Amino acid sequence: MKEQEKLILMGRSKVQHGQHNDRIFVDDYKHALDPYLIDKLDLMVEDHEYGKIIAKTPKAAKIKFIRNGFDQEAKIPGFYNGKKSCFFMAKYTNPDRKVVSNRDELLSIVREAKKKKKDTKMLTPLEEGYEIKLLDLRDAKRIADIYDQVFKTHPYPIEDPIYIEENMGHETLYFGLLKDDELIGVSACCVNFHEENVEVTDFAILPKYRGYNYSMHLMKKMETVMIAAGMKTAYTMTRAGSPSMNKIFGKNGYKYGGTLWNNNQISGGIESMNIWYKSFETITKKQ
């Protein structure tokens with residue numbers, strides 16, 4: 001089992017940290033309740049020598065982070081209940097962590113993905129014998145096996161069935177692509193019912209089944225379920241160096257929100273991640 005980031009509460013805020021990603025990630029900042037959080041983060045960096053701090057924060061707290069040496073790397077409009085924006089604020093405590101040697105190449109991938117016009121055509125139906133369904137605890141080992149085959153490394157230990165089972169009990173839904181009952185692809189939704197947003201993530205298709213738009217089928221299925229559940233905004237963090245995944249989101253109506261540079265472990269090393277987001281409210285108004 002690969003090293004897992006530690007999840008702790010600092011005041012009322014959820015904070016993840018660990019050497020695996022060499023960072024601190026403030027996933028749920030309660031700015032009104034945690035006036036001294038940034039000071040605590042700086043002390044944690046001193047104790048563990050982490051190279052980066054990244055925090056998701058509402059606009060009301062943005063200026064506090066800027067005054068403490070943070071810069072904005074990305075933004076998701078409508079993140080909070082379809083109304084207020086979320087900002088990804090970053091601070092590099094190791095100067096080497098801020099160096100991105102392939103920055104121009106990564107930004108060119110974004111430019112190409114943004115050129116992709118929204119795909120309004122109907123997807124070709126799945127072939128006979130294929131189906132997409134919501135998975136449950138009985139599928140945890142199969143899900144973990146798929147992830148273990150597809151990802152060399154990952155920010156979280158998704159190759160561990162126990163981790164998958166625990167996630168299923170904490171507002172994470174897993175969707176599976178099956179061929180004659182054999183699981184050949186997986187994706188996940190991390191749902192925040194209180195803030196009415198959802199992260200669509202961890203798309204994994206076995207190599208021999210790639211190139212058939214199966215990730216798009218998984219995305220469409222998840223979006224249908226999430227819209228029915230009342231979610232207002234969807235977002236994703238996708239590998240900045242993956243042209244195919246960025247293009248999938250670009251042509252599915254997602255907008256580019258920014259890049260988290262040298263952010264986390266994925267596929268064998270620390271990589272940059274692009275933020276893409278989509279408002280579901282414009283979709284529901286048309287229905």
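No value in this document is a laboratory result; all are computed from the given coordinates. On a predicted model such as this, the values are computed, not experimentally measured, just so you know. As a convention, Cβ positions derive from the backbone with ideal geometry for all residues, glycine included, and neighbour counts pool all protein chains shown.
Tabulated data for the structure shown
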quantity: Candidate lysines for bridging to Lys133, where Cα separation is under 20 Å - those fewer than 8 sequence places away on the same chain excluded; calculated: Lys141, Lys179, Lys220, Lys221
quantity: Cα shape, region 193-257, gyration tensor, a/c 1.5 rule; calculated: prolate
quantity: Relative contact order (percent, whole number), the chain, Cα cutoff 8 Å, 6+ residue spacing; calculated: 18
quantity: Per-residue ³J(HN,Hα) for region 129-135, Karplus 6.51 cos²θ - 1.76 cosθ + 1.60, θ = phi - 60°, Hz, x for Gly and Pro; calculated: x, 9, 7, 10, 9, 6, 8
quantity: Residue among Lys91, Lys115, Lys30 with the largest mean-square fluctuation in a Gaussian network model of the chain, springs linking Cα atoms under 10 Å; calculated: Lys115
quantity: The chain: most fluctuating residue of Pro157, Pro243, Pro125 per GNM, C-alpha cutoff 10 Å; calculated: Pro125
quantity: Anisotropy class of region 103-286 from Cα gyration tensor, a/c 1.5 cut; calculated: rounded
quantity: In sequence order, calculated HN-Hα J values of region 141-150 (Karplus, 6.51, -1.76, 1.60; Hz; x Gly/Pro); calculated: 5, 5, 4, 4, 5, 4, 4, 5, 6, 8
quantity: Calculated FRET efficiency for the pair Asp180/Val100, C-beta based, R₀ 45 Å, to 0.05; calculated: 0.55
quantity: Computed over region 32-126: relative contact order in percent, which uses C-alpha pairs under 8 Å that are six or more apart; calculated: 26
quantity: Spin-label pair Asn192/Ile162, simplified geometry with 7 Å Cα→Cβ offset, distance in nm; calculated: 2.9
quantity: Extended-chain gain in nm, criterion 0.36 nm per residue less alpha-carbon gap, Lys14 and Leu134; calculated: 40.4 nm
quantity: Computed [θ] at 222 nm, deg cm²/dmol, the chain (DSSP H ≥ 4; -39,500 (n - 2.57); rounded to nearest 500); calculated: -8500 deg cm²/dmol
quantity: Magnitude of the charge dipole, the chain, Cβ model with Lys/Arg +1 and Asp/Glu -1, debye to 20; calculated: 1680
quantity: Surface/4 of the Cα convex hull for region 6-98, nm²; calculated: 5.8
